[in-house]
There are 2 protein chains.
Amino acid sequence: VSPEILDLVRRDAARIYAGKERSKHVMPQESINQLLVRLAKEGKRVLRLKGGDPFIFGRGGEEIETLASHGIPFQVVPGITAATGAASYAGIPLTHRDYAQSCVFVTGHLKDGSVDLDWLMLARPNQTIVVYMGLLGLSELCRQLIAHGLPAATSAAIIQQGTTHKQRVLTGTLQTLPGLTAAARLTPPTLIIVGEVVKLHGKLAWFEPQRDVDAADITMGISSGSE
Amino acid sequence: VSPEILDLVRRDAARIYAGKERSKHVMPQESINQLLVRLAKEGKRVLRLKGGDPFIFGRGGEEIETLASHGIPFQVVPGITAATGAASYAGIPLTHRDYAQSCVFVTGHLKDGSVDLDWLMLARPNQTIVVYMGLLGLSELCRQLIAHGLPAATSAAIIQQGTTHKQRVLTGTLQTLPGLTAAARLTPPTLIIVGEVVKLHGKLAWFEPQRDVDAADITMGISSGSE
């Protein structure tokens, strides 16, 4: 969650960091669940703030199951999941009448060195595949999709730090994307999009991180001079 | 888009309704695309406001393709797609470590009286299927999923007017949901969720449209008396 968002939190709130990065869980999920219960039972009003949407790879279901088991009332505020945010800022529609009539969201976490996904389900035409947390498994992902029937020339993109001013978008094919990604030394967090909608990126990319910063500077300059 | 949101639009903006309902397209998509171009070329600043997310069954890709073809600059603001909003307010996580490691979004529009979907891809275990605009095709949907291998006892839900005070949630199985839905006389817009995550609704449902209205009244009463 960005500093700009955190700055909206009320000033007298106690803040507890419970974030996660790969292989560096600051707080295990079970501890987070129990912490929510403990704070609520102390009579506190608790906001569990997450990036993305709590119900799409966000473990929100597990957290509120724990709350429900303890009879603690809660509400859920939906959010912009990474697939939606990154796709918007990369100019890659997830569905499109001409290219993809469905889209599927999966995670690309490595388990014991391999990616455990339902390849038969994923390697189908006319759909968009979005892979969360797939950087380390990218080569395996592309290899398996080709092995299960997708053409090696299927378009694919990887987006690093989507929606931020550090956003980087690489596009290629199932054949070429792993090499391009390694050469560009991308780092997490990333989002992978596979499908013909990726071809639209060249035409629809509108967000240029660095230029955007410049534009903001220029606007401010004009404003302070004329208003 | 609700009146509360529309009320945030600047007062001097001209408003043009371009909404769609089934079989009652107020403005064909191609006309919307061209209207955006015409207004932009007149030098106007145009907001194309939609419910949901423009890149998930929102035709946003087609609209900005038209803009890009005419050299008109644009930006895309992602939104809460119906699947995310309705799932949150129905207490149905779309993914869950124990039940669903992926989720897939499709539309259930009828074409020539039947629903044209990739049934082999959809009828897989351990995933959540979300069907937009599927009310009329619900019986066909459930029948085909069973015919292609999903157990008839697979959990399924239909949500009418999710996130609003008119929200209604019906849960059952692929076998029973069509009958329950017909008996309850649901009307569009609806969202259908198929998968074991639906079982969590009984425990996690937190939003009770009518009670919520009452609660707001009570809170206001207390505030005005004690503050």
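The values are calculated or read from the model by the stated rules, or taken from the named source; none is laboratory data. Because the structure is predicted, anything quoted here is derived from the model rather than measured. Neighbour counts are summed over all protein chains in view; Cβ atoms, including those assigned to glycine, are modelled from backbone coordinates with ideal geometry. Side chains included, ligands, DNA and RNA excluded: accessible areas come from the protein's heavy atoms. Shrake-Rupley method; radii C 1.70, N 1.55, O 1.52, S 1.80 Å.
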What residue, of B:Ala123, B:Ala152, is of a type in the set (A, V, I, L, M) and exposed (fewer than 15 other Cβ atoms within 10 Å of the Cβ)?
B:Ala152
Quick one: B:His165 ticks every box in (1) within 14 Å of chain A (Cβ to nearest Cβ); (2) at pLDDT below 95; (3) in contact with a helix residue (DSSP H, G or I) (Cβ under 7 Å, 6 or more places away or on another chain) except a single one, so which number is it?
(1)
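From the list A:Val130, A:Val106, exactly one residue is within 9 Å of another protein chain (Cβ to nearest Cβ), part of a strand (DSSP E or B) and out of contact with any His (no Cβ under 8 Å at 6 or more places or on another chain). Which is it?
A:Val106
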Of (1) over 22 Å from B:Ile16 (Cβ atoms); (2) crowded, with 20+ Cβ neighbours inside 10 Å; (3) within 8 Å of another protein chain (Cβ to nearest Cβ); (4) out of contact with any Pro (no Cβ under 9 Å at 6 or more places or on another chain), B:Arg97 satisfies all except one. Which?
(2)
Could you check region A:169-190 and list, in sequence order, the residues that are open to solvent by 80 Å² or more (accessible area, probe 1.4 Å) and touching a residue at least 24 places away in the same chain (Cβ under 8 Å)?
A:Gln175, A:Pro188, A:Pro189
Just to be sure before I move on: is A:Glu62 within 26 Å of B:Arg124 (Cα to Cα) and either modelled with pLDDT of 95 or more or basic (Lys, Arg) (or both) in the structure I sent?
yes
Log entry, pairs with first residue in region B:45-68 being more than 13 Å from B:Gly79 (Cβ to Cβ) and without any contact (Cβ under 8 Å) to a residue 40 or more places away in the chain, second being open to solvent by 10 Å² or more (accessible area, probe 1.4 Å) and part of a loop (DSSP other than H, G, I, E, B), beta carbons closer than 6 Å, six or more apart or on different chains, reads B:Ile64/B:Phe74; B:Leu67/B:Phe74
Set B:Ile56, B:Ile5: member being of a type in the set (Val, Ile, Thr) and under 18 Å from B:His109 (Cβ atoms):
B:Ile56
Given the condition of a type outside the set (Asp, Glu), part of a helix (DSSP H, G or I), within 11 Å of chain B (Cβ to nearest Cβ) and open to solvent by 50 Å² or more (accessible area, probe 1.4 Å), answer yes or no: does some residue in region A:57-74 qualify?
yes
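Restricting to region B:109-118, what's the tally of residues that are more than 7 Å from chain A (Cβ to nearest Cβ) and not in a strand (DSSP E or B)?
5
If the requirement is being of a type in the set (A, V, I, L, M, F, W, C), more than 7 Å from chain B (Cβ to nearest Cβ) and in contact with a strand residue (DSSP E or B) (Cβ under 6 Å, 6 or more places away or on another chain), which of these qualifies: A:Ala13, A:Ala86? If you could, list the steps in order and put the result at the bottom.
On the way: A:Ala13 fails: in contact with a strand residue (DSSP E or B) (Cβ under 6 Å, 6 or more places away or on another chain).
Among A:Ala13, A:Ala86, only A:Ala86 is of a type in the set (A, V, I, L, M, F, W, C), more than 7 Å from chain B (Cβ to nearest Cβ) and in contact with a strand residue (DSSP E or B) (Cβ under 6 Å, 6 or more places away or on another chain).
Does B:Ile80 fit the bill of being of a type in the set (A, V, I, L, M, F, W, C), within 7 Å of chain A (Cβ to nearest Cβ), within 25 Å of A:Gly79 (Cβ to Cβ) and assigned to a loop (DSSP other than H, G, I, E, B)?
Yes: the conditions hold for B:Ile80.
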Do we have any residue at all in region B:111-120 that's at positive phi and open to solvent by 50 Å² or more (accessible area, probe 1.4 Å)?
yes
Condition broken by A:Ile92, with the remaining ones in (1) in contact with an Asp or Glu (Cβ under 9 Å, 6 or more places away or on another chain); (2) within 11 Å of another protein chain (Cβ to nearest Cβ) satisfied:
(1)
State the number of residues belonging to region B:29-48 that are open to solvent by 70 Å² or more (accessible area, probe 1.4 Å) and not in a helix (DSSP H, G or I).
5
